[in-house]
Amino acid sequence: MTIKSFLTPKKKNIDLPSAKMKHSGQGKNGKAFESEYWTEIYGSGLDVDGSYNAKQHANYLHSLFALMEIPVYKMADFGFGKGLLLREFVKAFAPVKVYAVDASEDAYLELIKKDWVKKSDKFHTFHSPLEDFHLPKLEREPVDLGICNSVIQYIPDKVLPEVLEKLAKYCNYLYFTVPTKTDYDLMRKEMNFSDPYAFERTAKQYRKLISRDFEVVGYNLLQSKWLGEKGFKEEFFRA
């Protein structure tokens, strides 16, 4: 089972978030998402869904959007981690502008050093926890596609509804995954894996939280309820 996916602006292309932005998030265990997290939780990434098969994820969604005739000009990754999924999505969709934010300083510093980021003028990168990330420009002009791959399990209950509403306002569609309590139980049993950084919630809890601002319109795909002209219109497939 490969559920174990997890998941100072850059000097050029600066779009400053609000002044209350912090520079490091913390997990349930009170630790920041720095080198210890990437070593103990993420590991090599060779068995992590969204990393070893990032290209397949990107190709799948690109094909679906082509079928539905939904263009992607602007993209955002809310918790880019190692940047593997982001890179493949950028290659597949070729957006003209990309916003990328992560709570981990290690992840942020690694991303801005990569040639495909630093040699491009399309990237706007931020080091910030999602709960403290505010970019009013995105609420006025949401991106076509956002990515939030195995991130919100690290966000505390008290701010999670606010974060999900923010994501729904910042992007029209969200490529989304999150491990549930049942998933974690299975990983403990089959892989002897546990994640002390994560808040474990049931699928029912997540569905209730998400349903206020999003509709599930496909595998790993959410459509924002704040979106005016829906790309996925058929009622039967909008859960």
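The values are calculated or read from the model by the stated rules, or taken from the named source; none is laboratory data. Please read these numbers as outputs of a predicted model, since none were measured by experiment. Note: ideal-geometry Cβ built from the backbone for every residue, glycine included; neighbour counts use all protein chains shown. Calculation scope for accessible area: heavy atoms of the full protein, side chains included, ligands and nucleic acids excluded. Shrake-Rupley method; radii C 1.70, N 1.55, O 1.52, S 1.80 Å.
Loop-resident trypsin sites (Lys or Arg not before Pro) (DSSP state other than H, G, I, E or B) in the stretch 115-144 with no more than 11 further Cβ atoms inside 10 Å of their Cβ: K119.
Surface composition of the chain: carbon and sulfur atoms hold 54% of the protein heavy-atom accessible area at a 1.4 Å probe.
Partners of K28 within straight-line reach, counting lysines whose Cα lies under 19 Å from its Cα and excluding those fewer than 8 residues away in the same chain: K4, K158, K181. Computed FRET efficiency, Cβ-Cβ of Y52 and N29, R0 35 Å: what is it to the nearest 0.05? That pair, Y52 with N29, gives E of 0.85.
Magnitude of the charge dipole for the stretch 55-194, about its Cα centre and with charges confined to Cβ atoms of Lys, Arg (+1) and Asp, Glu (-1), is about 420 debye.
Here each label is just a point 7 Å from Cα along the line to Cβ, and for S194 and E69 those points are 5.3 nm apart. Stokes-Einstein at 10 °C, 1.306 mPa s, Kirkwood radius from Cα pairs: D for the stretch 23-72 in µm² s⁻¹? D, rounded to a whole number, is 117 µm²/s.
Counting only residues at least eight positions apart within a chain, or on another chain, the aspartates and glutamates with an alpha carbon under 18 Å from that of K122 are D15, D77, E88, D102, E110, E141, D144.
Antiparallel versus total DSSP beta bridges in the chain: what percent is that, nearest 5? Within the chain, antiparallel bridges account for around 30 percent of the total.
When W116, W38, W226 are compared by accessible area of protein heavy atoms, the largest-first order is W226, W116, W38, using a 1.4 Å probe. The base-10 log of I(q)/I(0) for the chain, evaluated at q = 0.10 Å⁻¹, reads -0.43 [Debye formula, identical scatterers on Cα atoms, solvent excluded]. With a simple spin-label model that places each label point 7 Å from the Cα along the Cα-to-Cβ direction, the separation between V96 and D121 comes to 1.3 nm. Taking θ as phi - 60° and the Karplus parameters 6.51, -1.76 and 1.60, the scalar couplings of the stretch 201-213 work out to 10, 7, 4, 4, 4, 5, 4, 5, 5, 6, 5, 5, 10 Hz in sequence order, x denoting glycine and proline. Within the assembled protein chains, the solvent-accessible surface assigned to L111 is about 0 Å², based on a 1.4 Å probe.
Computed from backbone phi with θ = phi - 60° and the Karplus coefficients 6.51, -1.76 and 1.60, the 3J(HN,Hα) list for the stretch 49-58 is 4, x, 10, 5, 10, 4, 5, 5, 4, 5 Hz; x is used for glycine and proline. Pairs to check: K91/K119; K113/K225; K74/K169; K74/K118. Give those whose C-alpha atoms are more than 25 Å from each other in this structure. Over 25 Å Cα-Cα: K113/K225.
On average, how much accessible surface per residue is there in the stretch 26-181, in Å², for a 1.4 Å probe, leaving out ligands, DNA and RNA?
Details: 6380 Å² over 156 residues.
Ligands and nucleic acids excluded, the result is 41 Å² per residue.
Pairs with C-alpha atoms separated by more than 25 Å, drawn from the list K208/K233; K114/K230; K55/K82, are K114/K230.
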